[in-house]
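Some notes on the structure that comes next.
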Amino acid sequence: MAEIFDMKYQETNITRVRGDTFPFSFVIKDSNENVVDITGFSFKLSVDTNEEPTDETTQLFKLTGVVPVGTDGVVTFTLSAGEADQTPSTYYFDLEQTDLASKIRTVAKGEWNVVQDVTKT
């Protein structure tokens, strides 16, 4: 089961355990807490070492979201093994949506914290 975050634009922090590739999801809501129909929308989540990057040179990775059922307002992301294998530290992320009119909106941003795992495979 994916970890789920309820989102209207807000600053939020995400903590991931190094190496974990389980999916996580956001529920997109409007300012009245109503779920937004995101059918046909696209989503990108970028993680960077710099809180205010001027280009992509410090970017660790960029994920493309999957929208299983747009009327549910849920967008899901899954990390590859390489993307999940980051040095434990505090990084930064933002989540952008592109709507049907090609309008871009940042719906979340904050810290992306990676903590050390214990189990090694």
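The values are calculated or read from the model by the stated rules, or taken from the named source; none is laboratory data. The model shown is predicted, which means the values in this text are computed figures rather than measured ones. Don't worry about glycine lacking a Cβ; one is built from the backbone with ideal geometry, like all the others, and counts go over all protein chains shown.
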Quiz item: For residues in segment 30-49 being part of a loop (DSSP other than H, G, I, E, B) and modelled with pLDDT of 90 or more, which is nearest to residue 79 (Cα to Cα)?
Solution: 49
Quiz item: Out of the residues in segment 48-62 that are of a type in the set (Val, Ile, Thr) and more than 14 Å from residue 93 (Cβ to Cβ), which is surrounded by the most Cβ atoms within 10 Å (Cβ to Cβ)?
Solution: 57
Quiz item: Of the residues that make up segment 37-45, is at least one closer than 21 Å to residue 17 by Cβ and touching a residue at least 40 places away in the same chain (Cβ under 8 Å)?
Solution: yes
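Okay, residues lined up against (1) surrounded by fewer than 15 Cβ atoms within 10 Å (Cβ to Cβ); (2) more than 22 Å from residue 33 (Cα to Cα):
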site	(1), (2)
64	yes, yes
67	no, no
75	no, no
80	yes, yes
85	yes, yes
88	yes, yes
91	no, yes
95	no, no
99	yes, no
Exercise. Mind listing whichever residues of segment 75-121 are part of a loop (DSSP other than H, G, I, E, B) and closer than 18 Å to residue 44 by Cα?
Key: 78, 79, 80, 99, 100, 101, 102, 103
Exercise. Could you tell me which numbered condition residue 27 fails, if it satisfies all but one of (1) outside any loop (DSSP other than H, G, I, E, B); (2) modelled with pLDDT under 95; (3) out of contact with any helix residue (DSSP H, G or I) (no Cβ under 8 Å at 6 or more places or on another chain)?
Key: (3)
Practice problem: Could you list, in sequence order, all residues of segment 101-113 that are touching a Ser or Thr at 6+ places or on another chain (Cβ under 6 Å) and either within 20 Å of residue 16 (Cβ to Cβ) or surrounded by 15 or more Cβ atoms within 10 Å (Cβ to Cβ) (or both)? | Solution: 108, 110, 111, 113
